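For reference, the structure is listed below as structure tokens.
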Amino acid sequence: MPKEVSRGLAAVPFHMEVRMTQVLLVAYETRPDAVELAVTAKEQLESLGIDTSIAKVGDIPRIPELTTDSIVVSLGGDGTFLRAARFAHGASATVMGVNLGRVGFLVPAQPSEIVSQVIAYRDGGAVVEERIVLDVRLSDGTHDIAINEVVVERSQAGHMVRLRTFIAGDEFLTYSADGVLVATPTGSTGYNFSAGGPVMGTNLPNMVMTPIAPHFTVDRSIVVSADTEISMSVLDRPGLVVADGVRLGSIEPGESLTICSHATPIRVALPQDSKFGARLRHSLREGHA
């Protein structure tokens, strides 16, 4: 059975034999249930002849390098998924999310499905979405990626940051705000949505730029194609740059950063019956996405 890869608005057959050589289970170390689940799943997968290892979130930087034939399975919530996805992206490996939280929009698989979903992926019975990843570069040479969003925010409480933005090299708007974020479709249901931005289907080739609490400026988002470069420069006070909730650095007045889509997408394995609308509806009913 051919694996399905979701591109655009529809899932299309992706005719490629899956070579799954390794499963890495990533568990949040402060959650005993996640660690216990990882141990149980490891035993079950290894009994089926599947090479499986366990890593705690804090150990990710010290994990031996993965390959493109590996699948990383995150056990936890959206935060654990983001850490696991960033690690998987570096090796062009696939990532799968298992939900141990209340909402978990990014992690649709359930704990009881770990083994069956890994087997489905190996046998070509999973849906794999190729999602864009942001590439962010600061003028001082700092470089990183973001699965969800990049935020340029004020560095001092009580003071706004003034940001001049450019889209594809053309000056767009200057914002006086708490910050401005650029999100992927994957991240559009997070901070972007809380700031009033639109939700995008996770497999769409777009980015969205949304101001955060703007003052006397346009408060609407703008959606651009993934091949568009977005730049921002700080005009008066320093700004902080945060990628997926982790501080990347700061930019001083006169300095800038550029954001574009990374050349390599992140591959996300989903249950065959996972539907974007149903996941979003559940998240909204729980109070947030």
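Selection of segment 242-255 for residues being surrounded by fewer than 16 Cβ atoms within 10 Å (Cβ to Cβ) and in contact with a Leu (Cβ under 8 Å, 6 or more places away or on another chain) yields 245, 247, 253.
Answer yes if at least one residue in segment 193-205 is more than 19 Å from the chain's Cα centre (by Cα) and either under 14 Å from residue 150 (Cβ atoms) or surrounded by 21 or more Cβ atoms within 10 Å (Cβ to Cβ) (or both), and no otherwise. No, there is no match, as no residue in segment 193-205 is more than 19 Å from the chain's Cα centre (by Cα) and either under 14 Å from residue 150 (Cβ atoms) or surrounded by 21 or more Cβ atoms within 10 Å (Cβ to Cβ) (or both). The combined condition, being of a type in the set (S, T, N, Q), surrounded by fewer than 22 Cβ atoms within 10 Å (Cβ to Cβ) and either in the same structural domain as residue 54 (by TED's automatic domain parsing) or assigned to a loop (DSSP other than H, G, I, E, B) (or both), is fulfilled by residue 112.
Would you confirm, using the coordinates I've provided, whether residue 101 is touching an Asp or Glu at 6+ places or on another chain (Cβ under 8 Å), over 25 Å from residue 251 (Cβ atoms) and either in a strand (DSSP E or B) or not assigned by TED's automatic domain parsing to the domain that holds residue 244 (or both)? Yes.
From the list 104, 49, 97, exactly one residue is within 16 Å of residue 271 (Cβ to Cβ) and modelled with pLDDT of 90 or more. Which is it? Criteria check complete, one pass: 97.
From the list 118, 72, 150, the lone residue that is of a type in the set (A, V, I, L, M), buried (at least 23 other Cβ atoms within 10 Å of the Cβ) and part of a helix (DSSP H, G or I) is 118.
Taking the listed residues 219, 144, 135, the one that is over 23 Å from residue 254 (Cβ atoms) and either modelled with pLDDT of 95 or more or part of a loop (DSSP other than H, G, I, E, B) (or both) is 219, with no other qualifying. Output the qualifying pairs, or none if there are none: Cβ atoms under 9 angstrom, residues six or more apart or on different chains, first residue in segment 198-213 and not assigned by TED's automatic domain parsing to the domain that holds residue 183 and aliphatic (A, V, I, L, M), second residue buried (at least 23 other Cβ atoms within 10 Å of the Cβ) and part of a strand (DSSP E or B). Once the first residue is not assigned by TED's automatic domain parsing to the domain that holds residue 183 and aliphatic (A, V, I, L, M) and sits in segment 198-213, no partner that is buried (at least 23 other Cβ atoms within 10 Å of the Cβ) and part of a strand (DSSP E or B) comes close enough. As an exercise: evaluate residue 99 against (1) under 22 Å from the mean Cα position of the chain (by Cα); (2) without any contact (Cβ under 8 Å) to a residue 24 or more places away in the chain; (3) over 21 Å from residue 190 (Cβ atoms) and give the number of the one condition it does not meet. Of the numbered conditions (1) under 22 Å from the mean Cα position of the chain (by Cα); (2) without any contact (Cβ under 8 Å) to a residue 24 or more places away in the chain; (3) over 21 Å from residue 190 (Cβ atoms), the odd one out for residue 99 is (3).
Per this entry, residue 261 is counted among residues that are touching a residue at least 40 places away in the same chain (Cβ under 8 Å), surrounded by 15 or more Cβ atoms within 10 Å (Cβ to Cβ), of a type in the set (S, T, N, Q) and farther than 27 Å from residue 158 by Cβ.
Filtering segment 29-83 to residues that are in contact (Cβ under 8 Å) with a residue 12 or more places away in the chain and among the small types (Gly, Ala, Ser) leaves 34, 38, 41, 53, 55, 58, 70, 74, 76, 77, 79. Of the residues 173, 106, the single one that is outside any helix (DSSP H, G or I), out of contact with any His (no Cβ under 9 Å at 6 or more places or on another chain) and under 30 Å from residue 49 (Cβ atoms) is 106. Among the residues making up segment 156-174, those that are out of contact with any Asp or Glu (no Cβ under 9 Å at 6 or more places or on another chain) and within 16 Å of residue 224 (Cβ to Cβ) are 170, 171, 172, 173.
Answer with yes or no whether residue 211 is touching a strand residue (DSSP E or B) at 6+ places or on another chain (Cβ under 8 Å), crowded, with 17+ Cβ neighbours inside 10 Å, at pLDDT 95 or above and closer than 23 Å to residue 98 by Cβ. Criteria not met by residue 211.
The values are calculated or read from the model by the stated rules, or taken from the named source; none is laboratory data. Keep in mind that this is a model prediction, so the values were computed, not measured. Positions of Cβ are generated from backbone atoms using ideal geometry, with glycine treated the same way; all protein chains shown enter the neighbour counts.
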